[in-house]
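The values are calculated or read from the model by the stated rules, or taken from the named source; none is laboratory data. Keep in mind that this is a model prediction, so the values were computed, not measured. Positions of Cβ are backbone-derived with ideal geometry, glycine not excepted, and every protein chain shown enters the neighbour counts. These area figures cover heavy atoms from the full protein model, side chains too; ligands, DNA and RNA do not enter into them. Shrake-Rupley method; radii C 1.70, N 1.55, O 1.52, S 1.80 Å.
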Amino acid sequence: MSNKLNTNMLVLATHNAGKVAEMQKILAPYDIKVLSADDLKLSEPEETGTTFVENALIKAISASKEANMVAIADDSGLCVHALNNRPGIYSARYNEPKKNGFDYAMKCLDEELKEKTDNKDRSAHFSCAIAVAFPNGETKTFEGIVNGSLCWPARGNAGFGYDPMFVPDGYDKSFAELSGDVKNKISHRANALKQFIDYFLK
Ligand code: ITT
């Protein structure tokens, strides 16, 4: 194996199927077997950090210890500028989307933006921290973002989470209307993973 991870197998420390699909696709061209946390039935640690990087490290370190493998975690979220970058690290918990569905969370976000602001500034960015943890305790982190704006009504069926209401800068379609190939070239996750690939796999 010629990569700097010193292994040709790693585990993705995420239980989000949308993230797993995107990360596996982006890492597919490289000679590395990518397992998911569900494949290995790994537990979900509590995300007690106050930043994307802290939460990514919590997840990567936990998975690496449990699996005794190199682990990569992704902590990400939607930062709405007129709402002081909320929901940010709380995106997966904003109005309990896991219980109520993302259509409801997106509707609440749109309503909050209209109520609390003059609704003139609908700019936002997605942020992603990728943390790599090794069984010997070493870690490394990378961060990526993609800028855009929030559309309403939400549009499209591809992707996951807040994708139907996020239109990346330079495009007139939401992430959920664009093909996965486009999203995987320009997204916050693609951006952070590209840095990981450049650092460890090239
Ligand atoms: P894991 O912790 O198991 O990885 P999670 O979904 O709880 O899964 P996070 O804590 O990082 O992950 O929360 C990220 C949330 O931000 C996610 O649930 C989405 O709602 C949103 N999000 C992140 N990346 C996104 C993307 O590419 N498209 C749409 N929404 C995204």
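In table form, for the structure just shown:
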| read-out | value |
| --- | --- |
| Angle in degrees between helix 17-27 and the longest Cα principal axis of the chain, rounded to the nearest 10 | 60 degrees |
| Sparse-neighbourhood loop sites, trypsin sites (Lys or Arg not before Pro) in segment 48-128 - DSSP loop, at most 13 other Cβ within 10 angstrom | R93, K120 |
| Zone residues, segment 1-45, relative to K140, backbone N less than 11 Å from point 7 Å out along Cα-to-Cβ | 3-6 |
| Given charges at Cβ of Lys, Arg, Asp, Glu: the chain dipole, positive-most of Y199, H125, S174 | Y199 |
| Around L40: net Lys/Arg minus Asp/Glu count, Cβ-Cβ under 13 Å | -1 |
| Of K65/K183; K19/K99; K116/K185; K41/K99, those spanning more than 29 Å from alpha-carbon to alpha-carbon | K65/K183; K116/K185 |
| Formal net charge of residues neighbouring V11 (Cβ-Cβ distance under 12 Å; K, R +1; D, E -1) | +1 |
| Computed FRET value (nearest 0.05) for D169 with K4, which takes r as the C-beta separation and R₀ as 41 Å | 0.80 |
| Helix 102-116 vs. the chain, principal-axis angle (Cα, 0 to 90°, nearest 10) | 50 degrees |
| Prolate/oblate/rounded label for segment 17-84 (Cα gyration tensor, a/c 1.5) | oblate |
| Cα gyration tensor, the chain - rounded (a/c under 1.5), prolate or oblate | prolate |
| Lysines whose Cα lies under 22 Å from that of K114, excluding same-chain neighbours fewer than 8 positions away | K173 |
| Net charge contributed by nearby residues that have their C-beta within less than 14 Å of E112 (K/R +1, D/E -1) | 0 |
| Probe 1.4 Å, all protein chains present, accessible-area order of T51, T14, T7, largest first | T51, T7, T14 |
| Segment 78-119 - charge dipole about Cα centre, Lys and Arg +1 at Cβ, Asp and Glu -1, debye rounded to 20 | 220 debye |
| Cβ crowding within 10 Å averaged over residues, with 20-31, 172-183 ranked highest first | 172-183, 20-31 |
